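Enquirer: Have a look at the structure that comes next, please.
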Amino acid sequence: MAMSYPFPIYIILLIITIPRLISTVGKTEQWISSLPTELSKTNNNISGKLITDPKALEEASNDYGNLVHDSPAAVFRPTTVNDIATLIKLSFNSSVPFRIAARGQGHSTRGQAMARDGVVVDMKGLRERGDREVVKNNIRMKKANDGIKVFGDSKVGYYVDVGGEQLWIDVLYETLEYGLAPVSWTDYLYLTVGGTLSNAGISGQTFRYGPQISNVHQLDVVTGKGEFVTCSKQKNSELFHGVLGGLGQFGIITRARIALEAAPRRVKWIRLLYSDFEVFTKDQESLILSKNSKLDYLEGIVLMHQGPINNWRSSFFPLTDHQRILSLVTQHRVLYCLEIAKYYDHHYENTLNKEIQTLVQGLNYIPGFYYEKNVSFVEFLNRVRSGELKLQSQGLWDVPHPWLNMFIPKSRIMDFNSGVFNNIIQKRNITTGPVLVYPMNRNKWDNKMSATIPDDEDEIFYAVGFLHSSGFDNWKAFDAQNIEILKYCNDAEIKYKLYLPHYSTQEEWRNHFGPKKWKSFVQRKYKFDPRMILSPGQRIFNNN
């Protein structure tokens, strides 16, 4: 049951007609540049957890992107969910509210988890509350067990209740203790559950299992009015659908109930090289549409002479073949790498090899450029971590990351390849970092949720990710390339959608969502966060 707090002064906002609401979006109350005096005078449960030392403020004014830097007035480190509700309620009832942003791992790229002159809620406080020490294989380690609990239900099967502040890597390890695991992941596991669910959560499993938001049974959310609400498809469904992919606009996720299935032990991990983009995409599409292959993972990588054959995402190709692959890149300028994986257990290994052989025989990759690995399930899912640690040791992780992530309709993916991969990228010759391109099935996404995919009749659309890394002195060149890519798509009338979106005007946000979804998004904002308190770094309703 939702906890109700008094807010009679603002109830009138909820009965204004929607057209009027849309016309007033962005005309929010004037914000103050420092916290209200009542915040510093409140009870010790709040004031004692507010941190204003320069180091904490500097950390909260940075993120993974390293491009935007907005300093908050304070950082709030809660130890209970009620702390978060109390903080938001205090802002909601203030004569002039202060902005609040939840921060998990700070893995946003454009300041989305920042709150200029407001309060950043450091969700690690909740995670550290649940940490306890355990000894495993004679190694003492911390285990975030209290915030991750596995259950079984005769109706819905196995599931895990996870605090929004918990990391996916900890969810993996905890559920594996029961021989279970979620089915949909992100490529990088050191992200919070609340953070990825606020966007969508995609990876190579999405074509089969849907994004992470499609695998959630239930949520606990603290809304922008300080209300604690449990929601699902059946209960408080508007909030449930709004929060999933809602960019933090309607509430802070404090718990998610996520579906589990039996976990495999091993993974057959394969990469195949292509020189023809059309052949490459046809093979990708046939694999994700086939009911016989039953692949568990599929992604695609673009290889160009500007970047290393093995990048920070994984070291896959053997050193003995690097020169051979580089010669092929030089010959064709661009190569396309199909990456697939099949999960299995030991008793299935013999039949798996036969199945993989049959599947590969139907693919049109370049003969002789077949590579495979046999790895543990954990090693596969956590494949990015070793690259991260290596870059950290070299001081190359905390650098600018001018990323661009897009969804492209299947009907225009050939035009995108021609105009971007074979033109803009080649012309600028600056690409550093992985470039991904892989298909997803539209029917695995729930359009009631806030997450937005291309408006197209195609059964398939493509995820394209330019995961750039740059120096502090040249990131603007990468940003200029991103702008040129978007301009090309706009001029060519390719109706793309940005994933992990960032826009500077509300008109751009309106175009991003489309008329129907934007109307619903605005309605939900005024219902669940009428004073525009939450997630100001997205710059949807607070453009300054």
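The values are calculated or read from the model by the stated rules, or taken from the named source; none is laboratory data. Fair warning: this is a prediction, and the values are worked out from it, not measured in the lab. Cβ sites come from the backbone with ideal geometry, for glycine too, and all protein chains shown count toward neighbours. SASA here: full protein model, heavy atoms, side chains in, ligands and nucleic acids out. Shrake-Rupley method; radii C 1.70, N 1.55, O 1.52, S 1.80 Å.
Enquirer: Put +1 on the Cβ of each Lys and Arg and -1 on the Cβ of each Asp and Glu in the chain; which of Thr330, Leu67, Gly48 then has its Cα farthest toward the positive end of the dipole?
Expert: Gly48
Enquirer: Right, something else. Choose one of Ile340, Ile356, Asn490: the residue whose Cα lies farthest towards the positive end of the charge dipole of the chain (beta-carbon charges +1 Lys, Arg; -1 Asp, Glu; about the Cα centre).
Expert: Value computed over the given set: Asn490.
Enquirer: Sticking with this structure for a sec: Relative to the Cα centre, what is the charge dipole magnitude of the stretch 267-358, using +1 at the beta carbon of each Lys and Arg, -1 at the beta carbon of each Asp and Glu, and rounding to the nearest 20 debye?
Expert: Values: 10 positive and 11 negative charges, 19 e Å.
That gives a dipole near 100 debye.
Enquirer: Let me ask another. Whole number in Å², please: accessible area per residue of the chain, 1.4 Å probe, ligands, DNA and RNA not counted.
Expert: 42 Å²
Enquirer: Can you compute the FRET efficiency between His305 and Ala492 using 1/(1 + (r/R0)^6), with r the Cβ-Cβ distance and R0 = 25 Å? Round to the nearest 0.05. The partial results should precede the final answer.
Expert: Details: r = 25 Å, r/R0 = 1.02.
The formula returns an efficiency of 0.45 here.
Enquirer: Write down Rg/Rh for the chain, rounded to two decimals, with Rg from the C-alpha atoms and Rh from the Kirkwood relation over Cα pairs.
Expert: Numbers: Rg = 23.4 Å, Rh = 24.4 Å.
So for the chain, dividing Rg by the Kirkwood Rh gives 0.96.
Enquirer: With a/c under 1.5 counting as rounded, go ahead and sort the stretch 408-540 into rounded, prolate or oblate using the C-alpha gyration tensor (a ≥ b ≥ c being the square roots of the eigenvalues; past the cut-off, prolate if a/b is larger than b/c, else oblate). Don't skip to the answer; put the middle values down first.
Expert: Values: a/c = 2.22, a/b = 1.37, b/c = 1.62.
Note, shape of the stretch 408-540 comes out oblate.
Enquirer: If you average the C-alpha positions of the stretch 68-132 and of the stretch 468-544 separately, how far apart do those two centres end up, in angstrom?
Expert: Taking the Cα centre of each part, the stretch 68-132 and the stretch 468-544 sit 22 Å apart.
Enquirer: Let me ask something else. Any idea what the dipole of the chain comes to, in debye rounded to 20, about its Cα centre with Lys/Arg Cβ at +1 and Asp/Glu Cβ at -1?
Expert: Numbers: 63 positive and 55 negative charges, 153 e Å.
With Lys and Arg at +1 and Asp and Glu at -1, about 740 debye.
Enquirer: Please give the peptides 291-301, 363-373, 94-104 ranked by average Cβ packing (other Cβ atoms within 10 Å per residue), highest first, as a rough proxy for protection.
Expert: In descending order of packing, they fall as 94-104, 291-301, 363-373.
Enquirer: Considering only protein heavy atoms, what is the solvent-accessible area of Lys517 at a probe of 1.4 Å, reported in Å² to the nearest 10?
Expert: Rounded to the nearest 10, the figure is 40 Å².
Enquirer: Could you work out the relative contact order of the chain, using alpha carbon pairs under 8 angstrom and six or more residues apart, expressed as a whole percent? Can you show the working numbers first?
Expert: On the way: 1100 pairs, mean separation 98.4, N = 544.
Reported as a whole number, the value is 18 percent.
Enquirer: Can you pull the accessible area of Glu339 for me, 1.4 Å probe, Å² to the nearest 10?
Expert: Estimated to the nearest 10 Å², Glu339 gives 0 Å².
Enquirer: Given Cβ point charges of +1 (Lys, Arg) and -1 (Asp, Glu) and nothing else, what value in debye, to the nearest 20, does the dipole of the stretch 454-517 about its Cα centre take? Walk me through the numbers on the way to the answer.
Expert: Details: 7 positive and 12 negative charges, 56 e Å.
So the dipole magnitude of the stretch 454-517 works out to roughly 260 debye.
Enquirer: Percent of accessible area on the chain owned by carbon and sulfur, 1.4 Å probe?
Expert: Details: 11440 of 23020 Å².
Result for the chain: 50 percent of the exposed heavy-atom area is carbon or sulfur.
Enquirer: Using +1 at the Cβ of each Lys and Arg and -1 at the Cβ of each Asp and Glu in the chain, identify which of Leu289, Phe421, Ala451 lies farthest towards the dipole's positive end.
Expert: Among Leu289, Phe421, Ala451, the one farthest towards the positive end of the dipole of the chain is Ala451.
Enquirer: Using modelled amide H (1.01 Å from N, peptide plane; none on Pro or chain starts), what sits under 5 Å from the amide H of Leu244, excluding residues fewer than 5 places away?
Expert: So Leu244 has HN proximity to Ser450.
Enquirer: How would you classify the stretch 258-396 from its alpha-carbon gyration tensor, with a ≥ b ≥ c the square roots of the eigenvalues: rounded for a/c under 1.5, else prolate if a/b is greater than b/c, otherwise oblate? If you can, show how the numbers build up before the last one.
Expert: Numbers: a/c = 1.89, a/b = 1.16, b/c = 1.63.
Oblate, since a/c reaches 1.5 and b/c is not below a/b.
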